[in-house]
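See structure below.
The values are calculated or read from the model by the stated rules, or taken from the named source; none is laboratory data. What you are looking at is a predicted structure, and each value in this text was computed from that prediction instead of being measured. Note that we place each Cβ from the backbone using ideal geometry, even for glycine, and neighbour counts take in every protein chain shown.
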Amino acid sequence: MNASAAPVPGHDPSGPAPGQDWRRFARVHWAREPVVVPGVRPLGLGPADAHALVRAAIAAAAPGQVRLATADGWLRDPGPLLPGPGDRDPAGYAERLAREPRLAGDGWLLTVSDPLSHDFTLWSRVRDVLAELWRYVGQAPLPITAELAVGDRHHSVEDTAARTDAAALTWVLDGELTVRVRPEHTGTEYALRARAGDMVHWPAGGSHLDHRPGRCTTLRLSVPARTTSALPLVADVLADLMRAGPGHPDGQLTLPHPMPAAPDGRLGVPPRLAASAALLTETLAGPGPERALLLRWAALRSAAGLDPAPPRRPAVRLTPRHRLRRAAEIVRLPREGGDTVWAANGHAWTARPAGADAVLALLRTAPRAVTVTELARTARTSADDPELLSLLVESYRARALTAAPDRPERRS
């Protein structure tokens, strides 16, 4: 069994990087073998941030997003064992569980899937860190998912060590973590010991087991790396197009059961299944899949792949005198024979005005905030052009623009 080198003393994972950079990581470690990298690039997240993300996920009440495991396995209904209003910080929550009679002093593990979607500031910090990595290894083409884990004296068991088609980037935000990684086709096991500030990486295809000797908080990013990993995304895109198409029946359908048979007892393909297959063929033959995948890719590109992104913010009613300033990079993807696509912060929309490119150029280069009137003049249209206003409002909702009313005139 291979073991990582003894880790360096832990440092603040939300502080400045102590020397390692993505360039060296990409050249020496990426997609090669399991490794612990001290201080490769801090995420800007600490235990208090993790606790806030857990509380936000619980408040959102998304089914299956928050799970709690004990020595006996995953709890179906953890209820009051989850962090509540009385748990002001991670230490207080851990101390409460240590006194919990139902746990009898055993260890526990709290996991939250897609935690960053609840906080745009924290999501954007992690997105920016990923974007730096992609400069050296290339943009990941599929959604990158995050899992936040907070635990105390918890050890994964063998039957949870499923192989994954994704590479892993695991930041230790607090405490210590040991990961046993078994790469496929090698027969070798790595024991990777990491402390706060370290990152653990292993390529796709290996199974892993996490061991927390004490309190430990981690954020794991999974980067799909196999060709088959694209199938769920493509299937979801096609399913959405089929449901939105005129050939899809409204409402919930119930297939007949038992299936009707011919007089001689033979069973044929149920008509509903045959109709769905025909609808799929029709959908694939149209322009919808290419456009939908382009929109999805533009959104992912603007998010450095980190998915899902926090939802759009509410719209603002723009006036000609509103002052707009670009607050995030706007990805522009042209579409042959169709409208150009804009994307920012994980959201994509269509840029319909004929002068959209001129608008984007001004937003990118203006040294100050510009008014809607100035943007309209650049686009050679009016300040009340519905298509221009729609473009700017969508950009604002995606947090690509800030918007402020014009300063009131000073009275002497």
Query raised in the report: Does segment 151-159 contain at least one residue that is assigned by TED's automatic domain parsing to the domain that holds TRP30, at pLDDT 90 or above, within 26 Å of VAL137 (Cβ to Cβ) and surrounded by fewer than 20 Cβ atoms within 10 Å (Cβ to Cβ)?
Result: no
Filter segment 116-143 for residues that are not aliphatic (A, V, I, L, M) and not in a helix (DSSP H, G or I); the one that is nearest to the chain's Cα centre (by Cα) is PRO143
Residue hits (segment 365-380; under 19 Å from ARG317 (Cα atoms) and buried (at least 19 other Cβ atoms within 10 Å of the Cβ)) are VAL370, VAL372, LEU375, ALA376
Considering residues that are of a type in the set (A, V, I, L, M) and without any contact (Cβ under 8 Å) to a residue 40 or more places away in the chain, the number found within segment 92-135 is 2
Among ALA356, ALA298, ALA400, the single one that is in contact (Cβ under 8 Å) with a residue 60 or more places away in the chain and of a type outside the set (Ser, Thr, Tyr) is ALA400
Can you find a residue in segment 105-124 that is over 24 Å from LEU53 (Cα atoms) and loosely packed, with under 14 Cβ neighbours inside 10 Å?
yes
Within segment 325-349, residues of a type in the set (S, T, N, Q) and assigned to a loop (DSSP other than H, G, I, E, B) come out as ASN345
Exercise. Got at least one residue in segment 279-294 being in contact (Cβ under 8 Å) with a residue 60 or more places away in the chain, exposed (fewer than 12 other Cβ atoms within 10 Å of the Cβ) and of a type outside the set (A, V, I, L, M)?
Worked result: no
Of the residues in segment 45-74, those that are over 25 Å from the mean Cα position of the chain (by Cα) and either surrounded by fewer than 18 Cβ atoms within 10 Å (Cβ to Cβ) or assigned to a loop (DSSP other than H, G, I, E, B) (or both) number 3
Just one listed residue, out of LEU388, LEU362, is in contact with a helix residue (DSSP H, G or I) (Cβ under 7 Å, 6 or more places away or on another chain), surrounded by fewer than 21 Cβ atoms within 10 Å (Cβ to Cβ) and within 30 Å of ASP307 (Cα to Cα), and it is LEU362
Across (1) of a type outside the set (Asp, Glu); (2) at pLDDT below 90; (3) farther than 30 Å from ARG153 by Cβ, ALA285 clears everything bar (2)
Exactly one of ARG135, ARG127 is basic (Lys, Arg) and surrounded by fewer than 21 Cβ atoms within 10 Å (Cβ to Cβ), and that one is ARG135
Does at least one position in segment 83-99 carry a residue that is within 15 Å of the chain's Cα centre (by Cα) and over 24 Å from LEU295 (Cα atoms)?
no
